[in-house]
Structures are given as structure tokens and as C-alpha cells.
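FYI, it's all coordinate maths here, none of it is from the lab. As the structure is a computational prediction, the values presented were derived from the model and not from experiment. Neighbour counts are summed over all protein chains in view; Cβ atoms, including those assigned to glycine, are modelled from backbone coordinates with ideal geometry.
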Amino acid sequence: MATVKKRIIFIIPEEMLLEPILYTITQQYDLKVSIYNSDISGNEGVMRLELEGEEKQIEEGLTWAMSRGIRVEAVG
């Protein structure tokens, strides 16, 4: 299978800020993650990321993140 890259934004609720989100995505879904920017302000965190891997694994990783309460937005 061919690998693809997707740029996304994670908007992370306060209760998830101390969770190992990127570790879980890289380990459980075999994805490479590049962090372009991150910020914690108020009661949420925002991370701008690029995910690299097979399309199916990226979708499964994003589905997992959303199931944990993380809002996911596509970039461009």
C-alpha cells in the first residue's frame, strides 16, 4: 500500500491534555507524526500536525482521536 500525508488540526479538550495522544496514534496505527505548531490556551490545546501512513490507518487513527473528544479539522 502507498503512504499518504494529511495535514490536520487537533483541538484537544482540557481533560485530554495530559493523555499520550501522539504516542497512541503512532504506536496503535503505525503512523508518522510531524508537529508544526502547538499551543495550550485557556482550557484546550491546539496542535497542527502532518500524519503519514496508509490511508486506512490515518482514518482509523482520526476516528480514535474523535472518539476521545478531540476535534479534528482538515488543513487545505
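Under the condition of being out of contact with any Asp or Glu (no Cβ under 6 Å at 6 or more places or on another chain), surrounded by 16 or more Cβ atoms within 10 Å (Cβ to Cβ) and in a helix (DSSP H, G or I), the residues counted in the range 47-76 number 5.
If a residue has to be more than 14 Å from Q57 (Cα to Cα), part of a strand (DSSP E or B) and either charged (D, E, K, R) or under 12 Å from the mean Cα position of the chain (by Cα) (or both) to count, how many in the range 12-32 make the cut? The total comes to 1.
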